[in-house]
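The values are calculated or read from the model by the stated rules, or taken from the named source; none is laboratory data. Just so we're clear, the structure is a prediction, and the values are computed from it rather than from any experiment. Counting neighbours? That spans all protein chains shown, and the Cβs are built from the backbone with ideal geometry, glycine included. What goes into the accessible areas is simple: the full protein's heavy atoms, side chains included, and nothing from ligands, DNA or RNA. Shrake-Rupley method; radii C 1.70, N 1.55, O 1.52, S 1.80 Å.
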Amino acid sequence: MQDLEWLKALLLQRMPAPGKYATAIEGFALSRRDTAGSVEYSFYKPSAGLIVQGEKRALVGSTEVIHREGQCFAVSLDMPGICFISEASGKAPFLAVTLDLDTYLVSRLASQACPPGGDAPATGTGVVAAEADAPLLDAFFRLTELSGRQDGGFLAGLVIQEISYRLLTGPLGMHIRKFFMPGTRGNQVAQAVSWIRTHFMQPLRVEELARSVNMGTSTFHKYFKEITTLSPLQYHKRLRLYEAQRLMLAEDMDAVGASLAVGYESPSQFNREYKKLFGEPPRRDIMRRR
């Protein structure tokens, strides 16, 4: 069983320069940053990872989450967030590994391998962190090792299944199971979030969405905000704005085209809401980021 120092050495060998490194294992990535402070707006998706060195802070909705060295973090549903590296240097770079979660696999394991948790109220947000125990750390080390081998893609499935199992049965398990066990409030909110992600260009009718996941409107509002820290309408708006920013950066759309593509009918309303979230009008923000 390997410890954190072995994983640090392996990552430094694999990542001689700062950046995010995709691997031959689908959904598994390595990250290195040599400086602290740069802010990144992103939309988290269900994933898990390990902070191998340094520290990362994230503002998820309205809640700050700190990911420290030696901690595993888990994102149980799609969440808007702002993150920045708070501890990193050339001598001690920030190092992390992240794995996209196969939600079907995690749900199946949660039903088969975990005791029923009942329909307990889902507390806390969809992003959490805790100290990684030795079995989980060892599994991430083996997956990282496989990512550099020619046959890694064929052998990784078993290790990914092990990581998913250890997440469900380890320090974060009680939290994660709330989102993947059918019938729990967390799972109902996760279904609603998935629908919004797929249909974000459409107007959001909260009452209909609540009914579709078998919840009353007031109950749905309560648990949705408790888990995402945003109301359904705020979540919907933020998702549209993040997608519009991506379209302008990655696909070279102008502000009007991006606003229409994500469902806005009024470009002036889009400009106001974009500036409120990102601090600058769309054109100026995109020029600065480029």
Overall form of the chain per C-alpha gyration tensor (a/c, 1.5; a/b vs b/c) = oblate
message = Multiplying the sequence separation of K45 and R284 by 0.36 nm and subtracting their Cα-Cα distance, what value in nm do you get?
response = 83.3 nm
remark   = Note, V65: beta-carbon cut-off 12 Å, +1 each Lys/Arg, -1 each Asp/Glu, net +1
query = What shape does the stretch 132-223 take by its C-alpha gyration tensor, where a ≥ b ≥ c are the square roots of the eigenvalues and a/c under 1.5 counts as rounded, a/b above b/c as prolate, and the rest as oblate?
reply = prolate
key: Probe 1.4 Å, protein heavy atoms only - accessible area per residue of the chain in square angstrom   = 48 Å²
query = Using +1 on the beta carbon of Lys and Arg, -1 on that of Asp and Glu, and nothing else charged, what's the dipole of the chain about the Cα centre, debye to 20?
reply = 700 debye
request  = With unit charges on the beta carbon (Lys/Arg positive, Asp/Glu negative), name the residue among S107, Q234, C83 whose Cα is farthest towards the positive pole of the charge dipole of the chain.
outcome  = Q234
ask   = Can you pull the percent of the chain's accessible area that's carbon plus sulfur, 1.4 Å probe, other chains left in place?
value = 52 percent
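Considering Cα pairs under 8 angstrom that are at least six residues apart, work out the relative contact order of the chain and quote it in whole percent.
16 percent.
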task = Using R₀ = 45 Å, calculate the FRET efficiency as 1/(1 + (r/R₀)^6) where r is the Cβ-Cβ separation of R205 and A130; round to 0.05.
result = 0.75
ask   = So for the pair T63, K91, with labels modelled 7 Å out along Cα→Cβ, what separation do we get in nm?
value = 3.7 nm
Spin-label zone in the stretch 49-66 - amide nitrogen under 17 Å from a point set 7 Å from the Cα of I82 along the C-beta vector = 56-66
query = In terms of the Cα gyration tensor, with a ≥ b ≥ c the square roots of its eigenvalues, is the stretch 1-90 rounded because a/c is under 1.5, prolate because a/b exceeds b/c, or oblate?
reply = prolate
task = Using label points projected 7 Å from each Cα along Cα→Cβ, tell me how many nm separate N214 and E265, to one decimal.
result = 3.5 nm
inquiry  = At 7 Å along Cα-to-Cβ for each site, give me the label-to-label distance between R149 and K20 in nm.
reply    = 2.7 nm
note = Given the candidates L155, P171, Y264, the one whose Cα lies deepest towards the positive end of the charge dipole of the chain, counting +1 at each Lys or Arg C-beta and -1 at each Asp or Glu C-beta, is Y264
Net charge, G152 excluded, C-beta distance under 14 Å - Lys, Arg +1, Asp, Glu -1 = 0
